[in-house]
1. Across the range 403-416, in residue order, what do the Karplus-derived ³J(HN,Hα) couplings come to in whole Hz, using 6.51 cos²θ - 1.76 cosθ + 1.60 with θ = phi - 60° and x for Gly and Pro?
2. Sorted by packing (mean other beta-carbon atoms within 10 Å per residue), highest first, where do 99-107, 247-255 land?
3. Along the charge dipole of the range 3-90, Cβ charges K/R +1 and D/E -1, which of Ile9, His57, Trp31 sits furthest on the positive end?
4. Rounding to the nearest 20 debye, state how big the charge dipole of the range 341-418 is about its Cα centre with +1 on each Lys and Arg Cβ and -1 on each Asp and Glu Cβ.
5. Take each of the peptides 417-428, 179-190, 26-37, average the number of other beta-carbon atoms within 10 Å over its residues, and list them starting from the highest.
6. Work out the length of the dipole vector of the chain about its Cα centre, built from +1 on the beta-carbon of each Lys and Arg and -1 on the beta-carbon of each Asp and Glu, and round it to the nearest 20 debye.
7. If amide H atoms are built 1.01 Å from N in the plane of the peptide, which residues on other chains or at least 5 residues away come under 5 Å of the amide H of Leu165?
8. At what distance in nm do the modelled label points of Asp414 and Asp23 sit from each other, each positioned 7 Å from its Cα along Cα→Cβ?
Amino acid sequence: MDDFVRGLIAALGEDAVLTDSDDMAPYLRDWRGRYQGAARAVVRPGSVDALAEVVSHCAAAKVPIVPQGGNTGLCGGATPDADGQAIVLCLGRLRRIREIDVDNNTITVEAGCTLASLQAAAAEVDRLFPLSLASEGSCTVGGNLSTNAGGVQVLRYGNMRELVLGLEVVLPDGRIWDGLRGLRKDNTGYDLKQLFIGAEGTLGVITAAVLKLFPAIRRRATAWVAVPDPAAAVRLLGLLRSLSGDRVTAFEIVGRTALEMVLAHIPGARAPLRNTRDWAVLIELSDSSGRADLDSELADGLSQAAEQGLAGEAALAANLAQAEALWALRENISEAQRLEGISIKHDISVPVSCIPVFLERVSIALKRVWPDIRIVAFGHIGDGNLHYNLSKAVEADNKALIASSAEVNRIVHDLVVELGGSISAEHGLGQLKRDEITHYKSALEIDMMRAVKRAFDPQGLMNPGKVLAMASAENRSRAQS
């Protein structure tokens, strides 16, 4: 144990600083099991002031900091590198609900609060916090903010960036910026909070946020529907939105292979339809008034869709338990994939109208090189965000495919950008895509991002190796020389 770590223990207490290798192990490996790092210590401050003190110590000693929330990310953004020089700064003890302003429809929460706890706190005052993710029981508000999380209801409510009114942030020198304002109109200069949302902890540590609340949902209608192809799914989305407007809360597409993995690996999972088709969509309508007959509205919409050849067999949930069972099929895809083995993951977005073109063209291009490649495609078709993951069934063949990740990525990402899309929609860049963005962002964009990084973190200590790895390493080397 070095003097720096001893100083942290003296300042925070032994319970707040983990140094034993077994105690630290869960914090040093990502959820997917793809990245393994090392650290001087895992530090778990119990207050914002204590966290700021830790950051001040790190700034003075030039010790890198890797902020971590629930450690549920898919791009290695919260995992330290292997050199063991950094500390992992875990925000799990900062989990208070500080304030709920019902009249202003806002809630102020600390960054270590889980998304499920936030949702429950909103529900207790008859309000809704709409962000919904498969990992909501363990992911945290800070992690959701740092990656600008999206989830299944972006179609209606927007992603995390659109749900934030104010932030509290510990800056890289240890100062605390209090931007916790619950204002929907504030035109007094640069909107600084936007710099930290989606920055993955590379500019500072988000410690609390003021978030928007919405009226509680009174009625829902849920259905799993077979569709002929992705083009029909897009047209079905358009039809339902023309009939139901913003009551179309979620519209998810699921490919056959994704569903089959869930049925194979998740206990209790059952096929929703008699015959599994290549493509299906999971649809949810919701309403806060409680007056609409959404079940009939959805059934009528699907009847019209069937007449137009846009929808086939459908399973409409008759109660909450059936709806939850349908959603479990969608939400367990990532877990089923993890159990199946490592895959090459893509979290891409294209204009909704381009989804059918993307899926057709990219499949042809990949199978031309790897005829037996296994495609797991699913995601938020309502907002153009697809999770497009690739693997092979035989372990030895899959290792060879993983070794070809760069070639696979180029095929997928080149087409995404050609169609006007993004190579990262909601998972962030982390270390998985830190170099990949240099192929697709202009030199000017990269220069602008680096300028922001240098302005906030001139020593390059905040989450080094993530988002702008080369710039961070360069700055840290300059600071230590």
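1. 5, 9, 4, 4, 5, 4, 4, 5, 4, 5, 6, 4, 5, 4
2. Output ranking for 99-107, 247-255: 247-255, 99-107.
3. Trp31
4. For this selection, approximately 160 debye.
5. 417-428, 26-37, 179-190
6. Dipole about the Cα centre, nearest 20: 500 debye.
7. Sorted by chain and number, the residues that satisfy this are Val210, Leu211, Lys212.
8. Each label point lies 7 Å from its Cα, and together they span 5.1 nm.
Every number in this text was worked out from the coordinates using simple rules, so none of it is lab data. Given the structure is predicted, the values throughout are model-derived calculations rather than measurements. Backbone-built Cβ (ideal geometry, glycine too); neighbour counts: all protein chains shown.
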